[in-house]
Amino acid sequence: MIKLPEQAIIVLNELEKNGYEAYLVGGFVRDLILSRETHDIDCATNALPDEIERVFSNFKQSQIGKDHGTIGVKIKHDWIEITTYRFDDETKDHRRPKSVTYAPSLKEDVIRRDFTINALAINQKGEIIDYVNGQEDIKQRIIRCVGNPEYRFYEDALRILRGIRFACQLNFEIERNTLEAMHKQSYLLNALAVERIYQEFKLMLESDSIYPYFNNTKDILSVFIPEILDLDSQLLMKIDQCNTWLKRFSLFFIHQNEEKIRIRANHLKIPKKLIKDSVDFYYCYNHEYNDQEIDIKRMMQVYPKTIILESMELKKIIDPEHYSEVSYQLLLKMIQDNVVVSIKDLNINGHDLLNMNIKGKAIQETLNACLEAVMLNKVENTKEALIQWVNLT
């Protein structure tokens, strides 16, 4: 038997003691079986939305998904989504159902789901209910659609990206018929909101194993990131050696330019901060370091030190001939030593200069000169040394 978390037991118990069926379903069950950390708890029941609200009248609720049969209930510190058994009727825009029809049984509810590994249920006793051979697919590490894959993807095109994402996250193989349908119906991705595409792509890039799945689905991914077609297998293979989202995303644009990065990032509606990081990364990656402290300090004046560091690490992975270990070690030491690269880091300020009878524009000019002298190691960054240096110049 599988031990369930306390908040899940509370939900199941409340529904059952009021005469309703109740099961935990979906990815939560999959992750329990795989002993993976899981956060989102989903419950399926034969109780209708109004009945769910009544059962949990003493709990904080959310009705955002009520039109689709879902009531959110806060148990302890977690929100749990409780959904009435349902069929998914015909969809509009290959994503959202035009209407929802409630189903009479758990079986009817689970066989409408996307993949067999997500179509499992578990009762309060910890017993697994499996109508689609999902446990065996988990054991064999296979991503397989429930029923006809072409129909499943036509219903909801986002399932194509979810399937690739699950493969990346779980390191599962995509079953042949499912993969063929993904390739055949990749054009359906054009109907999706780019925000949903970006969220799935982001989760893919945050996964442990990417290359095998990206290499086998280039034509699919190229629908929204065509730059992947510019990467040969040898270069794309390096993606699994990149240990951050930014390195992995930047890999697609090492042969591009700032304009193309911005066009693609804006098209995907990537957050502005990440767009700026990606552009900064591009320039840091393409900078030719000369193993001099001042060269790195100048870069640190313009770009975040973490981005300079990550860009050097990517250079080492994919272009070792042009990678400088000397510059990399210098940067690490400068970060550790909190090297001075801006006026705010100086141990002298405008008030000190006023006391030295320096006024007006001369204050900023003098601070700039002090910063340059400290960066060139001509003077120590102490108030006494800087005052003395100013008096002598």
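Nothing in this text is a laboratory measurement; each read-out follows from the coordinates by a stated rule. From a predicted model like this one, the values you see are computed outputs, not experimental measurements. Heads up, the Cβs are rebuilt from the backbone with ideal geometry, glycines too, and the neighbour counts pull from every protein chain shown.
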Can you work out ³J(HN,Hα) from phi for every residue in the range 352-369, in order, using Karplus 6.51 cos²θ - 1.76 cosθ + 1.60 and θ = phi - 60°, giving whole Hz and x for Gly and Pro? 4, 6, 4, 5, 9, 6, 9, 9, x, 4, 4, 5, 5, 5, 5, 4, 4, 5
Among Val73, Val194, which comes first, second and so on when ranked by fewest other beta-carbon atoms within 10 Å? Val194, Val73
Assuming a viscosity of 0.890 mPa s and a temperature of 25 °C, what translational diffusion coefficient in µm² per second does Stokes-Einstein assign to the range 343-392, Rh being the Kirkwood radius over Cα pairs? 232 µm²/s
State the label only: which of (1) 25.0; (2) 21.2; (3) 21.8 corresponds to Kirkwood radius over Cα pairs in Å computed from the shown model? (1)
Between Leu332 and His267, what is the FRET efficiency for a Förster distance of 45 Å, r being their Cβ-Cβ separation, to the nearest 0.05? 0.80
To the nearest 10 degrees, how steeply does helix 305-318 sit against the main Cα axis of the chain, on a 0 to 90 scale? 70 degrees
So, in Å, what gap is there between the alpha-carbon centers of the range 365-393 and the range 183-237? 52 Å
Taking K and R as +1 and D and E as -1, what net charge do the other residues with C-beta under 12 Å from the C-beta of Asp109 add up to? 0
Where does the charge balance sit around Lys3 when Lys and Arg score +1, Asp and Glu -1, over other residues with C-beta under 14 Å from its C-beta? -2
Treating the beta-carbon of each Lys and Arg as +1 and of each Asp and Glu as -1, no other charges, what is the dipole magnitude of the range 141-224 about its Cα centre, to the nearest 20 debye? 60 debye
Long-range HN-HN contacts of Ile75 with modeled amide H, under 5 Å: Ile80
Based on the Cβ-Cβ distance from Leu392 to Asp230, what FRET efficiency comes out when R0 is 56 Å, to the nearest 0.05? 0.50
Please identify the trypsin sites (Lys or Arg not before Pro) of the range 128-197 that satisfy two criteria: DSSP loop assignment and at most 15 other Cβ atoms within 10 Å. Which are they? Arg141
Value of relative contact order over the chain, rounded to a whole percent, pairs C-alpha under 8 Å and six or more apart: 9 percent
